[in-house]
Amino acid sequence: MKYLNEFRDGPKAQGLAREIRRITTRPWAIMEVCGGQTHSIIRNGIDQLLPPEIELIHGPGCPVCVTPLEVIDKALAIAALPNVTFCSFGDMLRVPGSAKDLFHVKSEGGDVRIVYSPLDAVELARKNPQREHVFFGIGFETTAPANAMAVKVAKQQGIRNFSMLASHVLVPPAIEAIMTSPGNRVQAFLAAGHVCSVMGFWQYPPLAEKYCAPIVITGFEPLDILEGIRRAVQQLEAGQASVENAYARVVNYEGNKPAQRVIEEVFEVTDRGWRGIGVIPRSGWRLRDAYRDFDAEARFDVGSIRTKESPLCRAGEVLQGRIKPHECPAFGNECTPRRPLGATMVSSEGACAAYYNYGRFITLESAQPARAT
Amino acid sequence: MSEDIDFGAWTCPLPLQDYPRIVIGHGGGGKLSAELVEHLFLPAFQNAALSALGDASVLSLPPGRVAFTTDSFVVRPLFFPGGSIGDLAVNGTVNDLAMSGAQPLYLSAGFIIEEGLPMATLGGVVERMAAAARNAGVQLVTGDTKVVGKGHGDGLYINTAGIGVIPSGVQLGPNLARPGDCVLVSGTIGDHGMAIMSAREGLEFESVIRSDCAALNTLVEAILEFPEEVHVLRDPTRGGVAATLNEIARQSKVGIVLEEGSIPIEPDVQAACEVLGLDPLHVANEGKLIAIVAANAAASILGRMRQHPLGSRTTVIGQVTEGNPGMLAARTSIGGMRIVPLQIGEQLPRIC
């Protein structure tokens, strides 16, 4: 398939891995920011091709994982209301709140729907004017344009029974928070390609310079990630710290201007709590005053909900790259994909789930390749 | 959805025409029920055992061990590209029988119908069931109809049970995979699950993804020309190839290693899986089988399967190992290894 199998080519991947081994002379810690990249690394076994000196630290870029427990609890409260149809992306349904998840709410009679686009939720609202429709608008810069567009369309068309529980988060402030956190070990970043497809990468040169850390805009297929790593190692070995675009088939410097305009029109920057990390200043988006009527938090009076994380869960340290998932004592014991304590065990992009699902706690005996036909 | 379907040649027979939709009375055991049986089910499924209309059908079976299975079908939408709930209800049970090595013979059909279902929809489903049964060479010999109130069902649910007879010399079972065996799949994976998801959610891709729904009993007959060398046959339906092979690995106490790059998949299905963040190994199939066979006969069995229209893309996708008993692993296309686990529930589409 075009643009897919080309970037999963085995011999080319081996070639890139050889090149990385050749240029690596000492240990380096590189963080892939995006959960989609973590998923691809573990699913394809990319880390197994790397020399032992290269450590990949799995970053906080999974929107499902970093959405604060409090926001999940608010979603659960709204979804349980009798007159509400609650629409969400699929992988939010299994994220545990304090007591349950959206699947439980659904089984108890809540009208919870999986949608593939926030505009589908607007359309549902238009067709069913007697019910309130709430879209769970989470995500990084990647999902923000569609979410902003949904609110804008609802306002334009006067669809008053639509609202959004918005909890957007932003990558650049998270990179800053990681670089300034005590005990940080990250020396270079693979920036999230899809975030940059929307935002461009004009925000990154000051960060690379300020923290002396190479930032490589990186895609999601095995060859993309290996190339991102190769460029990061090349810079680290040469003592450089600049921004490079290794995902040029999708990303340019300016980004998607119309998308940025609709975000700017609908959202404004705000301080945001990150699950397991805490509040990062100016790290999120919320609806602007002009769109406040579409804010589900205001409409449904859930502002007073306050909650606490499980004391066993160390997802925060995982998200900041301080421990690997299997180094958490609860991993595979109290915490499994079936009974997750933290969201990193839920989302397929979450580092803990990726480790658990793809068996990173088990050593496989090698097997002979099957006969090709 | 069902309103969009062209039911082709099906025309509502008198006196069912008086009721364009199913009413509660159609399940009441009275005149309306009798009309439904007489004018819809009997003409469609016509055979002597059914026409006797006794409380039970009385059947004679050829010699051999009897295989018996049941399955319920709740698919939505009722009609989808490549099939319908009727095709699934027949082929699903036929395939379950065939995977035990049995020759499928007789099926039952129980219909739970929601009040208000268009008569034409039920008629279309029954037509498809009858065609599927003829195609698979089985007879629908007993049945039941219940009607539930509006809002208490999802249009139509169907349960089928089936019996078949296993010829002597055939010994298949999910516990019989042995180290060294080859794992064959009879064609592309993930077609049914992605066809249903696309139809259900109104997802549009460049071309329509069609379900692979098909009866596999004649393909199984071809495979069983090598009775000694075939150890396990399974159809990877719910949970896909991953769930089926995990179960076999556990029950046979062996490891299974897949070569991910060799698994056949239609480009459209792969694209749809990528868009939604789904792993095709976990997506359902309704017209494919997994055969685990002795390595020395793998090439012959593969050749025989490829001669069959439903097995033309048969491929060796992996190997049974002594190591890692109970586990399914995959060698990725770039040469890494990963575990392929059982899913907790359904796969969930990813956010971005």
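The values are calculated or read from the model by the stated rules, or taken from the named source; none is laboratory data. Quick caveat: nothing in here was measured; it's all calculated off a predicted structure. All Cβ positions, glycine included, derive from the backbone under ideal geometry; neighbour counts span all protein chains shown.
Mind listing whichever residues of segment B:161-195 are touching a His at 6+ places or on another chain (Cβ under 9 Å) and either part of a helix (DSSP H, G or I) or not hydrophobic (A, V, I, L, M, F, W, C) (or both)? Spell out the reasoning first.
Residues of segment B:161-195 that are touching a His at 6+ places or on another chain (Cβ under 9 Å), as a first pass: B:171-173, B:176-178, B:181, B:186, B:190, B:193.
Listed by number, the residues that qualify are B:GLN171, B:GLY173, B:ARG178, B:ASP181, B:SER186, B:GLY190, B:GLY193.
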Can you tell me which residue in segment B:317-329 is modelled with the highest pLDDT, limited to those that are in contact with a helix residue (DSSP H, G or I) (Cβ under 6 Å, 6 or more places away or on another chain) and within 23 Å of B:GLU286 (Cβ to Cβ)? B:ILE317
In the set A:ALA241, A:ALA298, A:ALA290, the lone residue that is part of a loop (DSSP other than H, G, I, E, B), among the small types (Gly, Ala, Ser) and over 22 Å from the mean Cα position of the chain (by Cα) is A:ALA241
Could you tell me how many of the residues in segment B:322-352 are within 7 Å of chain A (Cβ to nearest Cβ), surrounded by fewer than 18 Cβ atoms within 10 Å (Cβ to Cβ) and within 14 Å of A:LEU93 (Cβ to Cβ)? 1
Looking across segment A:12-36 at residues that are modelled with pLDDT under 95 and assigned to a helix (DSSP H, G or I), the single one that is surrounded by the most Cβ atoms within 10 Å (Cβ to Cβ) is A:GLY35
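Identify, from the list A:PHE7, A:PHE86, the residue that is within 14 Å of another protein chain (Cβ to nearest Cβ) and of a type in the set (Phe, Trp, Tyr). Write out each step before concluding.
On the way: A:PHE86 fails: within 14 Å of another protein chain (Cβ to nearest Cβ).
From the options A:PHE7, A:PHE86, the qualifying one is A:PHE7.
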Of (1) within 13 Å of another protein chain (Cβ to nearest Cβ); (2) buried (at least 22 other Cβ atoms within 10 Å of the Cβ); (3) farther than 27 Å from A:LYS155 by Cα; (4) not hydrophobic (A, V, I, L, M, F, W, C), A:GLY59 fails just (1)
Answer yes if at least one residue in segment B:215-231 is modelled with pLDDT of 95 or more, closer than 18 Å to B:LEU328 by Cβ and surrounded by 19 or more Cβ atoms within 10 Å (Cβ to Cβ), and no otherwise. yes
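Looking at the structure I just gave you, is B:VAL58 of a type in the set (Val, Ile, Thr) and free of Cβ contacts under 8 Å to residues at least 40 places away in the same chain?
On the way: of a type in the set (Val, Ile, Thr): yes; free of Cβ contacts under 8 Å to residues at least 40 places away in the same chain: yes.
So B:VAL58 passes the test.
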Checking A:LYS74 against (1) of a type outside the set (A, V, I, L, M); (2) surrounded by 23 or more Cβ atoms within 10 Å (Cβ to Cβ); (3) touching a helix residue (DSSP H, G or I) at 6+ places or on another chain (Cβ under 6 Å), the condition it does not meet: (3)
Can you tell me which residue is surrounded by the most Cβ atoms within 10 Å (Cβ to Cβ) among those in segment A:271-289 that are more than 25 Å from A:GLY316 (Cα to Cα) and without any contact (Cβ under 8 Å) to a residue 24 or more places away in the chain? A:ARG288
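Quick one: which of B:ALA284, B:ALA291, B:ALA297 is of a type in the set (A, V, I, L, M), surrounded by fewer than 17 Cβ atoms within 10 Å (Cβ to Cβ) and either assigned by TED's automatic domain parsing to the domain that holds B:SER198 or farther than 18 Å from B:GLY261 by Cβ (or both)? Let's see the steps before the verdict.
Working: B:ALA284 fails: surrounded by fewer than 17 Cβ atoms within 10 Å (Cβ to Cβ); B:ALA291 fails: surrounded by fewer than 17 Cβ atoms within 10 Å (Cβ to Cβ).
Step by step, each of B:ALA284, B:ALA291, B:ALA297 is checked, and only B:ALA297 is of a type in the set (A, V, I, L, M), surrounded by fewer than 17 Cβ atoms within 10 Å (Cβ to Cβ) and either assigned by TED's automatic domain parsing to the domain that holds B:SER198 or farther than 18 Å from B:GLY261 by Cβ (or both).
Given segment A:101-212, what strands (runs of 3 or more DSSP E) lie entirely inside it while holding 2 or more residues that are buried (at least 22 other Cβ atoms within 10 Å of the Cβ) and at pLDDT 95 or above? Steps first, answer last, please.
Numbers: elements: A:111-114, A:132-139, A:162-169, A:188-192.
Once the strands (runs of 3 or more DSSP E) in segment A:101-212 are filtered for at least 2 residues that are buried (at least 22 other Cβ atoms within 10 Å of the Cβ) and at pLDDT 95 or above, what remains is A:132-139, A:162-169, A:188-192.
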Quick one: A:VAL64 ticks every box in (1) touching a Ser or Thr at 6+ places or on another chain (Cβ under 6 Å); (2) modelled with pLDDT of 90 or more bar one, so which box is it? (2)
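Looking at this structure, is B:GLY137 more than 16 Å from the chain's Cα centre (by Cα) and not β-branched (Val, Ile, Thr)? Before the answer, list the steps.
Numbers: more than 16 Å from the chain's Cα centre (by Cα): no; not β-branched (Val, Ile, Thr): yes.
In short, no.
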For the structure I just gave you, tell me whether B:LEU14 is touching a Ser or Thr at 6+ places or on another chain (Cβ under 7 Å), of a type outside the set (Phe, Trp, Tyr) and either farther than 24 Å from B:GLY151 by Cα or at pLDDT 95 or above (or both). no
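For the condition away from chain A (no Cβ under 13 Å) and more than 18 Å from the chain's Cα centre (by Cα), what is the one hit in B:ARG313, B:ARG304?
Working: B:ARG313 fails: away from chain A (no Cβ under 13 Å).
On inspection, the qualifying residue turns out to be B:ARG304.
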Could you tell me whether any residue of segment B:257-280 is acidic (Asp, Glu), within 14 Å of B:CYS182 (Cβ to Cβ) and at the interface with another protein chain (Cβ under 7 Å from one of its Cβ atoms)? yes
For segment A:326-343, name all the residues that are within 25 Å of A:ASN184 (Cα to Cα) and within 14 Å of chain B (Cβ to nearest Cβ). A:HIS326, A:ALA343
